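The values are calculated or read from the model by the stated rules, or taken from the named source; none is laboratory data. Predicted model only: the values in this text are computed from it and were never measured. Cβ placement follows ideal geometry from the backbone for every residue including glycine, while neighbour counts extend to all protein chains displayed. In case anyone asks, the SASA skips ligands and DNA or RNA and just uses the protein heavy atoms, side chains included. Shrake-Rupley method; radii C 1.70, N 1.55, O 1.52, S 1.80 Å.
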Amino acid sequence: MIKQKTLITIGITAYTEGKWLLEAWNTVQQQSSDRWEAVMVLDGKGDRKTKKYFESIRHPKLKKHSYTSNKGAYACRTKAIEMTETEWYFHLDGDDKLPIDAIEIISKEINSNPNIEFIGGSSFQFGDGKDEIYIPSKDANKLCTGPLFIATSPFRVTLFNNLGGYYIPNHFFHSDWDFWLSVYEQEIIGNQIDEVI
């Protein structure tokens, strides 16, 4: 069997997730496709438990960076993207999980549509007894109250750089939503899929 080229970097950022970080990482290692590599960024001033898990995680396809001071979520995401050596980036917060076939689904979508700049997929949102599948919307009016799809959807690194990245002064809270608004305003071509990624 011919080994396929690494397609996408999974960027994981962590702060106070504790054991959830290890669970997030395990879902990366268990992917049915090996077309990924990963970067992990630890924000400074997080809790000791998260730092302990961060330091214990090792893998030949993983690069890590640790800040000594608090930088905020979007500075950490930006650092993960700067560490990315693949064409595509896919973000995973330290308390999120990937379905086992996430990279396989994304790879097929990119191969079928080589000119797209992003993929907006569904997500399974869990916790507090509110388990549900969040399906992408094509209704632009919904942009007034939230993103059309999960804000950590995969995108080309060049798209991120061409749009100037995240807006991050003073730990701005919705920089990912702001980024996707720019994508929408500039009519950048991407695909929205109903599959959970």
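Listing for the model above:
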quantity	calculated
Condition check for Lys64: of a type in the set (D, E, K, R) and modelled with pLDDT of 95 or more	yes
Residue satisfying condition, being of a type in the set (D, E, K, R), touching a strand residue (DSSP E or B) at 6+ places or on another chain (Cβ under 8 Å) and either at pLDDT below 95 or open to solvent by less than 60 Å² (accessible area, probe 1.4 Å) (or both), within set Asp43, Asp47	Asp43
Helices (runs of 4 or more DSSP H) lying entirely in the range 80-197 (those with 1 or more residues that are surrounded by 12 or more Cβ atoms within 10 Å (Cβ to Cβ) and at pLDDT 90 or above)	102-112, 157-162
